[in-house]
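Data block below; observations after.
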Amino acid sequence: MEKKNLDWANLGFGYMIADYRYVSNYRDGRWDDGEIITESNITLNECAGVFQYSQSCFEGLKAYTTEDGHIVCFRPDLNATRMKDSCERLEMPVFPEERFVKAVEEVVKANAAWVPPFGSGATLYIRPYMIATNAVIGVKPADEYQFRIFVTPVGPYFKGGAKPLTIRVSDFDRAAPHGTGHIKAGLNYAMSLHPIVDAHKNGFDENMYLDPATRTKVEETGGANFIFITKDGKFVTPKSDSILPSITRRSLMVVAEKYLGMTVENREVLFSEVEGFAECGLCGTAAVISPVGKIYDHGREICFPSGMEEMGPVTKKLYDKLTGIQMGEIEGPDGWVHTIL
């Protein structure tokens, strides 16, 4: 199978139209059989539920070429389960989990020529999503939906390595108690757009959101979970019902405990604790781990001992172990690496 003639080593992190995508429609109470198609545009009625009441959710994962030439993806079963949870919360029909994984396999196989070669630093980003498609004018769930998956080759999230970020404590709330913060709904990300644009205007890379009820506990950023390393080498990550259960974060917890022998604590993290940590990072599919060097809290700077020059030493070990598992260089737990071709 001949790869596309791309400058793989210099790809940016952006959208590029690949050859094929997967689509399945829900009508009359059932999903159709689904198919691989070539058309990248979607035609919908102006009154479609996705436009009027934002019934949409999505997932994100990647496919990789391993050193021995296989094409694999990382824990797609967890993406399927998380999308099920999103659909149930938004009164959307669940796309069956086994069909979700099968659809990922089909669309990656169809676009195998777009999967970057091993060692290029690039991956194939996979975006499953679901939208409400029929006309809805009264405030109620739609009756018809479309599940789709597109793929796009992407380069490393950080060109030239991940430099520590400067973030700020946000005055905005990311999610409400008992709201939708724990699912991957498009509306959550819409709410984060103004705060992130404002952060960038003021010289910050990201926002740190505190819990909306008391504003004393660390939650997450607009699109990533926090991880902290204590000065005595513990791995700490915030626990809350209103943050997204990041697959990367859950995987890092296992890597920290099973591969690095660290004590792992998934618990409420008070903001007052933060200045006592040795290292801080943001974790997610796109960058795996983005190190944080400094937090700005309304005129007060919290600087981590790991500094602003490079990823902290423990964070770097976590990053190397997890990416090694993803790329097939390190043997991971059973079922983590899902072989497609």
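The values are calculated or read from the model by the stated rules, or taken from the named source; none is laboratory data. All values derive from a computational prediction rather than experimental measurement. Every residue, glycine as well, gets a Cβ built from its backbone with ideal geometry; the counts of neighbours run over all protein chains shown. When the accessible area is computed, the model is the full protein with side chains, heavy atoms only, and any ligands, DNA or RNA have been set aside. Shrake-Rupley method; radii C 1.70, N 1.55, O 1.52, S 1.80 Å.
A few points about this structure:
- Residue within region 283-302 that is farther than 29 Å from Ala112 by Cβ, among the basic types (Lys, Arg) and open to solvent by 20 Å² or more (accessible area, probe 1.4 Å) present: yes
- Residue list for region 238-259, filter: open to solvent by 10 Å² or more (accessible area, probe 1.4 Å), in contact with a helix residue (DSSP H, G or I) (Cβ under 6 Å, 6 or more places away or on another chain) and over 16 Å from Ala286 (Cα atoms): Tyr259
- Region 260-280, residues that are assigned to a strand (DSSP E or B) and open to solvent by less than 30 Å² (accessible area, probe 1.4 Å): Glu279, Cys280
- The residues of region 134-160 that are among the hydroxyl-bearing types (Ser, Thr, Tyr) and under 17 Å from Ser86 (Cβ atoms) amount to a single one, Tyr145.
- Pairing residues of region 1-23 that are among the aliphatic types (A, V, I, L, M) with residues that are outside any loop (DSSP other than H, G, I, E, B) and open to solvent by 80 Å² or more (accessible area, probe 1.4 Å), at Cβ distances under 7 Å and at least 6 apart in sequence or on separate chains, gives Val23/Glu35.
- Of all the residues in region 128-141, those that are outside any loop (DSSP other than H, G, I, E, B), of a type outside the set (A, V, I, L, M, F, W, C) and out of contact with any Asp or Glu (no Cβ under 9 Å at 6 or more places or on another chain) number 0.
Matching residues to (1) of a type in the set (Asp, Glu); (2) closer than 30 Å to Gly181 by Cβ:
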position	(1), (2)
Phe51	no, yes
Gln55	no, yes
Glu59	yes, yes
Tyr64	no, yes
Asp68	yes, no
Val72	no, no
Ala80	no, yes
Cys87	no, yes
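- Number of the exception - Ser306 against (1) surrounded by 14 or more Cβ atoms within 10 Å (Cβ to Cβ); (2) modelled with pLDDT of 95 or more; (3) in contact with a strand residue (DSSP E or B) (Cβ under 6 Å, 6 or more places away or on another chain); (4) farther than 21 Å from Leu78 by Cα: (2)
- Scope region 322-341; condition touching a residue at least 60 places away in the same chain (Cβ under 8 Å), open to solvent by less than 30 Å² (accessible area, probe 1.4 Å) and over 19 Å from the mean Cα position of the chain (by Cα); matching residues: Ile340
- Members of region 114-128 that are surrounded by fewer than 18 Cβ atoms within 10 Å (Cβ to Cβ) and more than 22 Å from Glu67 (Cβ to Cβ): Arg127
- Unique residue being closer than 19 Å to Val288 by Cβ, modelled with pLDDT of 95 or more and charged (D, E, K, R) when the list is Glu59, Glu88, Glu35, Glu67: Glu59
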